[in-house]
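Presented below is the structure to which this report refers.
Derivation of every value follows stated rules applied to the coordinates shown; laboratory data play no part. These figures come from a predicted structure and were not determined experimentally. Here the Cβ is made from the backbone with ideal geometry for all residues, glycine too, and neighbour counts use every protein chain on show.
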Amino acid sequence: MNRLDRYLARAVITGSLVTLAVLLPLLGFFLLADEAGDIGTAQYGFLDALWFVTLSLPRYAYQVFPIATLIGALVGLGQLASSSELVAMRAAGVSIARIVLGAMLGGVLLAVVATVVGEVVAPPAEQRALAVRQMAQTGGDLALTTAGLWARDGDTFVNIRELEPGGELREIYIYRVSGTALLAATHAKSAVYQGGRWVLQGIERSLIGDDGVTVEHLEEAGWSSLLKPSLLKVIVVEPQALSVWGLHRYIQYLSRSGQDPGRYEVALWGKLVQPLLILAMIFVAIPVLLGSARTTGTGIKVFAGVVIGIAFYLVSRSFAFLALLFGMNPALAALAPPLLFVAGALLVLRRVG
C-alpha cells in the first residue's frame with residue numbers, strides 16, 4: 001500500500017466513522033423515545049432505559065454499517081473531489097481502477113471492524129441490554145451473567161446456560177432451597193414448553209436429606225415454573241443479532257427437529273455477505289463521485305447516498321421476503337442485491353471512463 005492508497009483509504013474510513021458518529025446518536029435518541037412508554041414499569045427508570053439503549057447500539061451500528069460506509073465514502077472522497085484532488089489524480093495518470101482500489105482498501109478495514117462488532121460485540125451486548133430491561137421491569141428476579149440466565153422462582157433458583165431463539169432451553173440447573181439449606185439440585189440437558197408447563201429431558205437429580213444424597217436419573221419429567229416462554233423470549237436475541245456460529249447451530253437444530261429454518265438461513269447469509277456488502281457500497285460511491293466531479297456539493301452527495309441506501313434496503317428486503325415466501329435460495333437472495341448495484345455502478349463507470 002503506497003501513500004496514495006493510504007490517502008484514499010483514510011478518506012473513506014474517516015468519512016464512514018464521522019457518518020456513524022452522526023447516525024448512532026440519532027438512532028439512540030429514537031430508541032430512547034420508544035422506551036419512554038415503558039419507563040415507570042416496576043423499577044424501570046430513565047437510567048435503565050438509557051443503559052438499555054446504549055447496549056443496543058452495537059447491533060444497530062452493525063446493521064447500518066453498509067449505508068454508513070456508502071455515505072462516508074461519498075463524504076470522504078467528495079471532499080477530495082471538491083478540492084479538485086481527484087481531478088488532479090486523474091490528470092496525473094491515476095486510473096479509475098487505482099482510485100477504486102485505494103478506496104476498497106479502506107473498505108476492507110471497515111469490513112473487519114464491522115465483522116468484529118457483529119460477531120463479538122453486538123450479540124452479548126444485546127442479550128445484556130434485554131436482561132437489564134427485564135430485570136428492572138420484573139423487580140430484579142432475572143439476571144444475565146457469564147454463566148447464563150439466573151432466575152428466582154419461589155424457593156427455587158434456576159440457571160439456564162443456553163436459550164435458543166425458538167424457545168428451547170439447554171443446560172438447565174435447578175436448585176431448591178429452604179432458608180439456607182439446599183434440598184435438591186437438578187440438571188437437565190434441555191427443556192421444551194408443552195401443555196402449559198416445561199418438560200425437562202436428560203435429567204440428573206440429587207436429593208439431599210439427613211441420610212445423605214440420593215441421585216436419580218430420568219429421561220423426561222414435567223417442571224412447573226413461573227418462567228414462561230413469553231418472559232424468557234425478551235432476552236433471546238432475534239436472528240439478525242445472533243452470531244454466525246449461533247445461527248449455524250440453530251439452523252442445524254431446526255433441521256434435525258423437522259422445522260423450517262428459512263428465516264435463520266436468510267439471516268445467516270445476510271451476515272456472511274455483510275463484509276462484501278460494505279465493499280460494494282464503496283464501489284457504488286465511486287461513479288457517483290466521478291460523475292459529478294466538482295459540480296456537486298457535499299449535501300447533494302450525502303442526499304444521493306441516502307437515496308441509494310434506501311433503495312438498496314428496499315431491494316434487499318424484497319429479496320429476503322422472496323426467499324421466505326417462494327423458497328428462493330438464501331445465498332442468492334443475499335448476494336443478488338449487492339451484485340445488481342455493483343453491475344449498475346460498473347455501467348456508470350464505463351460511461352465516466
Report summary line: Amide H contacts under 5 Å for Arg197, restricted to residues at least 5 apart in sequence or on another chain and with H modeled in the peptide plane, are none
**Report entry** Spin-label pair Val18/Asp260, simplified geometry with 7 Å Cα→Cβ offset, distance in nm
**Finding:** 4.7
Query raised in the report: Arranged from highest to lowest average of other beta-carbon atoms within 10 Å per residue, in what order do the peptides 126-133, 38-45 appear?
Result: 126-133, 38-45
Report summary line: GNM on the chain, Cα springs under 10 Å; top mean-square fluctuation among Ser318, Ser178, Ser95 goes to Ser178
Report summary line: In a Gaussian network model of the chain with springs linking alpha carbons closer than 10 Å, the residue among Val244, Val342, Val116 that fluctuates most is Val116
Report task. Rank-order 85-93, 59-67 by packing density, defined as the average count of other C-beta atoms within 10 Å over each peptide's residues, highest first. Result -> 59-67, 85-93
Query raised in the report: Where nothing but the Cβ of Lys and Arg (+1) and of Asp and Glu (-1) is charged, how large is the charge dipole of segment 1-150 around its Cα centre, in debye to the nearest 20?
Result: 760
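Before anything else, pin down the relative contact order of the chain: Cα pairs under 8 Å, at least 6 apart, normalised by residue count, whole percent.
Numbers: 536 pairs, mean separation 65.1, N = 353.
Relative CO of the chain lands at 18 percent.
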Query - Simple spin-label estimate for Ile39 and Val121 in nanometres, 7 Å along Cα-Cβ - result: 2.6
Query raised in the report: With no solvent and one point per C-alpha, what does the Debye sum give as log10 I(q)/I(0) for the chain at q = 0.08, 0.11 Å⁻¹?
Result: -0.52, -0.84
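List Trp223, Trp150 from most exposed to least, where exposure is judged by having the fewest other Cβ atoms within 10 Å. Please list the in-between numbers first.
Numbers: Trp223 19, Trp150 16.
The most exposed by this proxy come first: Trp150, Trp223.
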Report summary line: In the chain, helical segments from DSSP H whose Cα atoms cover 20 Å or more along their own axis and that average at least 1.6 on the Kyte-Doolittle scale are 96-116, 298-326, 330-352
Report summary line: Per GNM of the chain with C-alpha springs under 10 angstrom, the most fluctuating residue out of Gly222, Gly202, Gly212 is Gly212
Query - Cα centroid separation - segment 31-50 against segment 110-139, whole Å - result: 17
Report summary line: One finds, for Leu272 and Asp210 with R0 = 41 angstrom and r their Cβ-Cβ distance, a FRET efficiency to the nearest 0.05 of 0.10
